[in-house]
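To start, the structure under review is shown below, and the notes come after it.
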Amino acid sequence: MADHSSHDPLAGIPFDLVPPSGAYGAAGEASVTVSTVETPFIALVVARNGFAASVAGRLGRAFGLEIADRAGAAMGAASTVVGTGPGRFLVLSKTEPDLAGTLRALLGAEAAITEQDDAFVTFDLAGDKVPDLLAKGALIDLDPRVFLPGHAATTVIAHVGVTLWRVHESGWRLLVARSYEASFTRFLVASGAEFGLRLENGTAGRG
Amino acid sequence: MRIPCPYCGERDAHEFAYLGDATVTRPDPAAADAAQAFHDYVYLRDNPAGAHQEWWYHANGCRQWLRVARDTRTHAIAAATSARVSGEPA
Ligand SMILES: [Zn+2]
């Protein structure tokens, strides 16, 4: 039995608070899980004019990944590099607390680096029904036959700016500006309730 | 209407902001006729029925300016290219 009814899974939950961890919507085993538990270190790399290819090459060699200057996600065990615009890359790391410092040392004058650790909430979505859930708010085609593992997009979902990529067959990761956490979580819960959704909240930002 | 962004791929027009005619050039503010030239540049825009070159900004995507060739009667888009040529000063 779900903790929150399928009729109105958000009943009684204030608009400005992130809905609490728990099961929402359809009873039984959850078809979609949403977790914000993992909080990777994040930095933005913007290649200076004419250095996009060089920066992609340096990032690839340093992290052991195949990186091109395009909208895609290159994923390794400890780090991920996502293209968000020409010459622009978001770097995520599980293991580098001073990620921005590491990148400055690596890229020198070829790129501008900004630390983004607390800028985004990381939503990890899992389950075969995730594309059906996201389709309720997305403007792009997330059909699993079209949007493949390693594909990435910066777009809007439910009118909220999102950078997302498909991590593997049934896993998707979404970065959303932290101030939108409550409203974007509400979208996920409301849209995922028909499938049965389990929400696992992390602790609020590193502060 | 969908705009084929060279970086992002085909995207809904709602992700973009429209600036307007991509063929006009900002006048020289130091010229003797600058007031009249700026009046023409800012206010006296053509409203063509048919082929048009326009600036579109991909605000909810790659955040790049695009030059888009659009038919104003059909919304058919013939081309969309990056406004910034690689290697040019930003
Ligand atoms: Zn774009």
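How high is the relative contact order of chain A, given as a whole-number percent (alpha carbon pairs under 8 Å, six or more residues apart)? List each step's numbers first, then the result.
Details: 442 pairs, mean separation 64.0, N = 207.
Relative contact order for chain A comes out at 31 percent.
This model, with +1 at the C-beta of Lys and Arg and -1 at the C-beta of Asp and Glu, gives the protein assembly as shown a dipole about its Cα centre of some 500 debye. For region A:76-134, the Kirkwood radius over C-alpha pairs fed into Stokes-Einstein at 20 °C and 1.002 mPa s yields D = 158 µm² per second. Taking the centroid of alpha carbons for each part, region B:61-85 and region A:1-57 are 33 Å apart.
Note on A:Arg48 and B:Ala13: with the Förster distance fixed at 35 Å, the Cβ-Cβ geometry gives a FRET efficiency of about 0.65. I need to check one value: relative contact order of chain B, counting alpha carbon pairs closer than 8 Å and at least 6 residues apart, in percent. So the answer I get is 27 percent. Derived value for chain A: Kirkwood hydrodynamic radius 17.7 Å. Basis is the mean of 1/r over every pair of different alpha-carbon atoms.
Can you tell me, using C-alpha contacts under 8 Å and at least 6 residues apart, the relative contact order of region A:22-76 as a whole percent? Could the numbers behind the result be given before it?
Details: 21 pairs, mean separation 10.3, N = 55.
Relative contact order for region A:22-76 comes out at 19 percent.
Taking the average, over residues, of other Cβ atoms within 10 Å as the packing measure, peptides B:65-77, A:127-139 rank A:127-139, B:65-77 from highest down.
Placing pseudo-labels 7 Å out from each Cα toward the beta carbon at B:His39 and B:Ala79 gives an inter-label distance of 3.5 nm.
Every read-out reported here was derived from the displayed coordinates using simple, explicitly stated rules and does not represent laboratory data. Remember, predicted model here, so these are calculated numbers, not experimental data. No Cβ is skipped: glycine too gets one built from the backbone with ideal geometry, and neighbour counts run over all protein chains shown.
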